[in-house]
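Below is one structure; the comments refer to it alone.
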Amino acid sequence: MKKFVLSFFLFGLFLGLASCEDNEGLDVTDIEIPEGYALSAGTSTVFLNSSYAFDKDADWISEISANQKRFTHGDRLYDDVITQSGGLGPVYAGYSCGSCHRNAGRTKPALWTQIGTEGEGTPVYGSGEYGFSSMLVYVSRKNGKFFQNYGRVLHDQSIYGVTAEGKLECRWHYQTFQFPDGESYELAYPEYTIRDWYANYGETDDPIDPDDLFCTVRIPLRHVGMGQMMALDRNEIEALAQKSNYPEYGISGRCNYITERGTKQLGLSGNKAQHADLTVELGFSSDMGVTNSRYPEEICEGQRQMDQGSMMGLLYDQLDVSTEDMEDVDFYLHGLGVPARRNVKDPEVLLGEKNFYEAKCHLCHVTTLHTRPRGATLLNGTELPWLGGQTIHPYSDFLIHDMGSEIMGVGLDDHYVSGLAQGNEWRTTPLWGIGLQEKVNSHTYFLHDGRARNFTEAIMWHGGEGEASKNLFAKMSKTDRDALIKFLESL
């Protein structure tokens, strides 16, 4: 054995590819809103408003005993891979899927956990010597190549007797701005450093040159609507890329295509739409160090950790998790429900929805999409027809957009290329369920690295193709801005 051990989006709204002209002057107060809850994901909509709102199985799961059995087994593996499979690798970033995605959401990242001070009491944040980080740290040389003794991810956790690859420290820089009406807001920008590089302990290893280091951090994504995303009609997404050109607002989204399993495919998942599936196999391998049929080698193959592990009596000659078990995790993710919208008749929410359109947010956060007739297919070939033929409201076009690089001199450009996506390009974040993040995970850190501490900051970080919407939001009265935020909280 190895190792330790939004909505049925308001009846009357146009379906599919809503153009800028389609929604000019739209007055949502004139639209009849359905009684009760507004459906977000067709058959996968769930009606739960608690800390488990993201971790509830859809009705098509619970109505079929075989589906419920697979869902429950996948859920168990998701939350406790150590006891359910062969165990963690010598180094890892998360000790289970659920450790970073608590309640299928996003665990509070250590980027906002203070681990010390320096200088004149300046706080330093990060994973600390023993603390769990709940984030992925991508490292590379400035030319895009990897360092010899590291892969694309810095594994900052390790089992007993093995040295972690390094530890991340974060120092936040702040700048205060003002809306035209005089209300102030603050943006925070992270500065990353990595200490305790394991390779620097070696006598022959080359130290990492900080001037040759690119470092970008990802906090966990919410696992909301994963099944519907995988069942999306690809032709509709590609048509959006052809039609989502609004030069008057500087918007022009595009698809990210990547090659996985030897096939060029449309990317849908991940911060930069850099994956064509839910990356279960990659997550087991890269994040947790759990070997499997697709990634049979240890993530630290060739590193000194392998020798350290061998001295600890660890064996590396068998796979940790089976393909069948991984597909059950994939099944669990596909079977998670999407919370229904709340407070859809609240006057402030209705005003905020109108403002969402007036700020042209809907041009990227597309309200209505459709799934293909046959639904989705899991990693081992199981088909899920229950996800097919649905009208859904993810509030995303799943395209990549230039989000700018000028705010505070850096913007959202992380210089990290993923498929066709450049450092300044990011997939439009699906907004369904986002209003429940604080209830599920006790924080409101948004954007890829959690720099935005609330909805307002997330909007005001928009640059590039998001510049026009940001400016339209900023020019609104405080009442209208607050209403738009209230609308987001209803999703």
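The values are calculated or read from the model by the stated rules, or taken from the named source; none is laboratory data. Because the structure is predicted, anything quoted here is derived from the model rather than measured. Please note: Cβ atoms are built from the backbone with ideal geometry, for glycine as well, and neighbour counts cover all protein chains shown.
Yes/no matrix, rows are residues, columns are (1) of a type outside the set (Val, Ile, Thr); (2) farther than 26 Å from ASP211 by Cα; (3) surrounded by 18 or more Cβ atoms within 10 Å (Cβ to Cβ):
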site: ALA93; (1), (2), (3): yes, no, yes
site: CYS100; (1), (2), (3): yes, yes, yes
site: ALA104; (1), (2), (3): yes, yes, yes
site: GLU120; (1), (2), (3): yes, no, no
site: MET135; (1), (2), (3): yes, no, yes
site: VAL139; (1), (2), (3): no, no, yes
site: ASN149; (1), (2), (3): yes, no, yes
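As a summary of the residue check, GLY337 satisfies the conditions (1) surrounded by fewer than 22 Cβ atoms within 10 Å (Cβ to Cβ); (2) closer than 30 Å to GLU63 by Cβ except for the one numbered (1).
Determine, yes or no, whether SER418 is buried (at least 19 other Cβ atoms within 10 Å of the Cβ), at pLDDT below 95 and of a type outside the set (Lys, Arg). When the stated conditions are applied, SER418 passes them.
For the stretch 464-484: of the residues being of a type outside the set (D, E, K, R) and surrounded by fewer than 20 Cβ atoms within 10 Å (Cβ to Cβ), which is farthest from GLY411 (Cα to Cα)? Explain how you work it out, then say what you get.
Filtering the stretch 464-484 for residues of a type outside the set (D, E, K, R) gives 464, 466, 468-469, 471-474, 476-477, 479, 483-484.
If we keep only those that are surrounded by fewer than 20 Cβ atoms within 10 Å (Cβ to Cβ) as well, we get 468, 471-472, 474, 476-477, 479.
Working: ALA468: 15, ASN471: 15, LEU472: 18, ALA474: 17, MET476: 23, SER477: 25, THR479: 27 Å.
Going through the qualifying residues, I end up with THR479.
Does THR429 meet the test of being under 23 Å from GLU191 (Cα atoms), polar (S, T, N, Q) and either in contact with a strand residue (DSSP E or B) (Cβ under 8 Å, 6 or more places away or on another chain) or assigned to a loop (DSSP other than H, G, I, E, B) (or both)?
Working: under 23 Å from GLU191 (Cα atoms): no; polar (S, T, N, Q): yes; either in contact with a strand residue (DSSP E or B) (Cβ under 8 Å, 6 or more places away or on another chain) or assigned to a loop (DSSP other than H, G, I, E, B) (or both): yes.
Criteria not met by THR429.
Restricting attention to the stretch 15-72 and to residues that are assigned to a helix (DSSP H, G or I) and among the charged types (D, E, K, R), the residue that is modelled with the lowest pLDDT turns out to be GLU21. Answer yes if at least one residue in the stretch 457-478 is more than 21 Å from HIS393 (Cβ to Cβ), modelled with pLDDT of 95 or more, within 21 Å of the chain's Cα centre (by Cα) and among the β-branched types (Val, Ile, Thr), and no otherwise. No, every residue in the stretch 457-478 fails to be more than 21 Å from HIS393 (Cβ to Cβ), modelled with pLDDT of 95 or more, within 21 Å of the chain's Cα centre (by Cα) and among the β-branched types (Val, Ile, Thr).
Among the residues in the stretch 272-290, are any on the phi > 0 side of the Ramachandran plot, modelled with pLDDT of 95 or more, of a type in the set (A, V, I, L, M, F, W, C) and in a loop (DSSP other than H, G, I, E, B)? Even if it seems obvious, please write down each step before you answer.
As a first pass, look at the stretch 272-290 and keep what is on the phi > 0 side of the Ramachandran plot: 273, 279, 289.
So of that shortlist, the ones also modelled with pLDDT of 95 or more come out as 273.
Okay, now just the ones that are also of a type in the set (A, V, I, L, M, F, W, C), so 273.
Next, from what is left, pick out any that are in a loop (DSSP other than H, G, I, E, B): 273.
Within the stretch 272-290, one or more residues are on the phi > 0 side of the Ramachandran plot, modelled with pLDDT of 95 or more, of a type in the set (A, V, I, L, M, F, W, C) and in a loop (DSSP other than H, G, I, E, B).
In the stretch 349-357 there is no residue that is surrounded by 22 or more Cβ atoms within 10 Å (Cβ to Cβ), in a loop (DSSP other than H, G, I, E, B) and more than 20 Å from the chain's Cα centre (by Cα).
Can you find even one residue in the stretch 395-402 that is in a loop (DSSP other than H, G, I, E, B), in contact with a Gly (Cβ under 7 Å, 6 or more places away or on another chain), buried (at least 21 other Cβ atoms within 10 Å of the Cβ) and not aliphatic (A, V, I, L, M)? Write out each step before concluding.
First, pick out the residues of the stretch 395-402 that are in a loop (DSSP other than H, G, I, E, B): 395-399.
Filter once more, so that each one left must be in contact with a Gly (Cβ under 7 Å, 6 or more places away or on another chain): 397, 399.
Now restrict to residues that are buried (at least 21 other Cβ atoms within 10 Å of the Cβ): 397, 399.
Adding the requirement that they be not aliphatic (A, V, I, L, M) leaves 397.
Yes - at least one qualifying residue is present in the stretch 395-402.
Residue by residue, here is whether (1) farther than 30 Å from ALA474 by Cβ; (2) touching a helix residue (DSSP H, G or I) at 6+ places or on another chain (Cβ under 8 Å); (3) part of a loop (DSSP other than H, G, I, E, B) holds:
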{"position": "SER99", "(1), (2), (3)": "yes, no, no"}
{"position": "LYS108", "(1), (2), (3)": "no, yes, yes"}
{"position": "GLY116", "(1), (2), (3)": "yes, no, no"}
{"position": "SER133", "(1), (2), (3)": "yes, yes, yes"}
{"position": "LYS145", "(1), (2), (3)": "yes, no, yes"}
{"position": "ALA164", "(1), (2), (3)": "yes, yes, yes"}
{"position": "TRP172", "(1), (2), (3)": "no, no, no"}
{"position": "PHE177", "(1), (2), (3)": "no, yes, no"}
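Only residues that are surrounded by fewer than 22 Cβ atoms within 10 Å (Cβ to Cβ) and under 23 Å from LEU221 (Cβ atoms): list them for the stretch 49-59, please. Correct list: ASN49, SER50, SER51, TYR52, LYS56, ASP57.
Only one of the numbered conditions (1) in a strand (DSSP E or B); (2) touching a Cys at 6+ places or on another chain (Cβ under 7 Å) is not met by PRO220, and that is (1). The requirement of being over 30 Å from LEU336 (Cβ atoms), aromatic (Phe, Trp, Tyr), in contact with a helix residue (DSSP H, G or I) (Cβ under 8 Å, 6 or more places away or on another chain) and at pLDDT 85 or above is satisfied by TYR185.
Tell me which residues, restricted to the stretch 73-88, are modelled with pLDDT of 90 or more and among the hydrophobic types (A, V, I, L, M, F, W, C).
The first filter runs over the stretch 73-88 and keeps only residues modelled with pLDDT of 90 or more, leaving 73-79.
Answer for the stretch 73-88, where residues must be modelled with pLDDT of 90 or more and among the hydrophobic types (A, V, I, L, M, F, W, C): just LEU77.
Can you spot a residue in the stretch 295-305 that is closer than 28 Å to THR429 by Cβ, at pLDDT below 95 and part of a loop (DSSP other than H, G, I, E, B)? Show your work before the answer.
To start, the set of residues in the stretch 295-305 that are closer than 28 Å to THR429 by Cβ comprises 295, 299.
Next, only the ones that are at pLDDT below 95 stay: 295, 299.
Of the ones still in play, those that are also part of a loop (DSSP other than H, G, I, E, B) are 295, 299.
The answer is yes, given that some residue of the stretch 295-305 is closer than 28 Å to THR429 by Cβ, at pLDDT below 95 and part of a loop (DSSP other than H, G, I, E, B).
Among the listed residues GLU129, GLU120, which satisfies the condition of being within 28 Å of LEU447 (Cβ to Cβ), charged (D, E, K, R), at pLDDT below 90 and assigned to a loop (DSSP other than H, G, I, E, B)?
Values: GLU120 fails: within 28 Å of LEU447 (Cβ to Cβ).
When all the criteria are applied, what remains is GLU129.
Of SER396, SER322, all but one fail to be within 21 Å of the chain's Cα centre (by Cα) and hydroxyl-bearing (Ser, Thr, Tyr); the exception is SER396. Residues of the stretch 462-491 that are in contact with a Lys or Arg (Cβ under 7 Å, 6 or more places away or on another chain) and under 21 Å from TYR445 (Cα atoms): HIS462, SER469, PHE473, SER490, LEU491. Per this entry, ILE299 is counted among residues that are surrounded by 23 or more Cβ atoms within 10 Å (Cβ to Cβ) and closer than 30 Å to TYR150 by Cα.
Here GLY411, GLY450 are screened, and the one residue that is assigned to a loop (DSSP other than H, G, I, E, B), surrounded by fewer than 23 Cβ atoms within 10 Å (Cβ to Cβ) and not polar (S, T, N, Q) is GLY411.
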